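Structure, as structure tokens:
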Amino acid sequence: MDRETRRRRGRIRLTRRGRIVVWSGGVLATVLIAASGTAAWVYQDLDGNIHAADVDDKLGVGRPVNASPGSRNILVVGSDSRSGDNAAYGRDLSTMQSDTLMVLHVAASREWATVVSLPRDSWVSVPACERGDGTVSDPHHFKINEAFAIGGTSGGVAGAAACTVKTVEQNTGLRIDHFMSVDFQGFKGMVNALDGIEVCPGTPIHDRKAHLDLDAGCQTIKDEKALGYVRARYSVGDGSDLGRIGRQQEFLEAVAARAQQKLTSPKALYGFLDSATASLTTDKALAGIKPLYSLASEVKDIPRDRLTFLTVPNYARQADVPGDRANIVWQYPQAASLFTSLARDKEVDKAKLEAAARHPVHARTVRVRVLNGTGTPGRAAQVADTLRTAGFTVTSIGDAPGAAAGTTVSHPPGLAAPAQVLASRLPGVTARQETPDAESPTGVVTLTVGTEFGGFR
């Protein structure tokens, strides 16, 4: 398919290199300006734009251990704060919002990297977080992007980032080393500095929530239309967040291509970098042109075929909870396999992962018997409630024959797949086949809760 055909269809696929250029290219260009020796004030001006947020004292204890020293996990958040110029994009919202969430894993060898998108509609466990107004939220389940809003109640990025880091760490098992947050208005400024970006929607787009009205056909957009285009969701395609992620990625390719054309102009270059850096907030260790350049340098030299972009395997939560048409759940054991590989600094085979995810085993189809091996009354009932919240079908609860130190998942012959779905949600637990006896229920996986029960992801 030639470029003109792709443009007519409004589908410009983002190259691996193009996606990295969008966030790292500005840093590289800034360093080149500084190195010229003729624009040191530009370097200082842009370096001072970058905001630093201290999250270390907000993350608490019990964080995942870094299982692969030398590798780095960077949490990247597209911030949709509803203050100042962003207020028009939300009604009755006084807190901060996250619109895009992804984790960049850079291998210790610096020979490969993987970027994992975490859809904002992901139904996950949100831990207790400081709200920023002196109160603490209760642990609960909700969309993953709520974590940014909870921590950002007072409008501070540090609190928003800290709650998001805690949520991502709890649900993935990955140790987050750094975070980067980019605000909407900076995105608009970058587009405007490039004199707009051409898009080619195949049909008209009218999205009231995104404040967007676009005719069909190729046209150059900037200002509020550019923001509306990447935010539009309900009136485009299937209305899902997954569709919006794809459109945002396509738009970034156009930004990268346009930047390569326009950034030879000093005025355009400064405007682009000024907007990019002014909208950027990072943890203290990354807050500066030099550390960002170091990170960008590590990524830019990775071979093209070793830079992988993917979305965490998932399916509609409606398959587990028929009344929920608004959220998705991560697909297990594939999601667990993905995050375990990254935690161990093992390169992910995208084709293999996607093949394994083609035929999901929904949690609702997994029938579970919960046995209490802790000796603590009521423990099986507590865990059973957690399983039901996650969509599993609990058939019965009871006491184990004896005390159990470790938690186990066992299954009769023929139920290896559903048992693996359950076991992959329990850190450190593997499923094992058992020999059925006369009292064993048929078609049921058994979860024996031990005294060292490590929680449920």
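Can you pull out every residue in the range 425-442 that is of a type in the set (D, E, K, R), under 36 Å from the mean Cα position of the chain (by Cα) and surrounded by fewer than 20 Cβ atoms within 10 Å (Cβ to Cβ)?
The answer is Arg432, and nothing else.
Keeping to the range 131-146, report how many residues are under 22 Å from Ala390 (Cα atoms) and either without any contact (Cβ under 8 Å) to a residue 40 or more places away in the chain or among the aromatic types (Phe, Trp, Tyr) (or both).
Qualifying residue count, the range 131-146: 6.
Of everything in the range 297-323, what is of a type in the set (Asp, Glu), surrounded by fewer than 16 Cβ atoms within 10 Å (Cβ to Cβ) and not in a helix (DSSP H, G or I)? Give them in sequence order.
Asp301
Could you look through the range 255-286, keep only residues that are in a loop (DSSP other than H, G, I, E, B) and buried (at least 19 other Cβ atoms within 10 Å of the Cβ), and pick out the one that is modelled with the highest pLDDT?
Out of the qualifying residues, it is Ser279.
Tally up the residues in the range 317-350 that are at pLDDT below 95, of a type in the set (Gly, Ala, Ser) and more than 19 Å from Val126 (Cα to Cα), please.
1
If I ask for residues that are surrounded by 15 or more Cβ atoms within 10 Å (Cβ to Cβ), modelled with pLDDT of 90 or more and in a loop (DSSP other than H, G, I, E, B), which ones from the range 126-136 would you list?
Pro127, Cys129
Yes/no matrix, rows are residues, columns are (1) farther than 20 Å from Trp330 by Cβ; (2) assigned to a loop (DSSP other than H, G, I, E, B); (3) not assigned by TED's automatic domain parsing to the domain that holds Val76:
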{"residue": "Thr114", "(1), (2), (3)": "no, no, no"}
{"residue": "Val124", "(1), (2), (3)": "no, no, no"}
{"residue": "Asp138", "(1), (2), (3)": "yes, yes, no"}
{"residue": "Phe142", "(1), (2), (3)": "no, no, no"}
{"residue": "Ala147", "(1), (2), (3)": "no, no, no"}
{"residue": "Gly159", "(1), (2), (3)": "yes, no, no"}
{"residue": "Val165", "(1), (2), (3)": "no, no, no"}
{"residue": "Arg175", "(1), (2), (3)": "no, yes, no"}
{"residue": "Met180", "(1), (2), (3)": "yes, no, no"}
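The values are calculated or read from the model by the stated rules, or taken from the named source; none is laboratory data. Everything numeric here is computed off the predicted structure, so don't read it as measured data. Quick reminder, even Gly has a Cβ in these numbers, built from the backbone with ideal geometry, and neighbours come from all protein chains shown.
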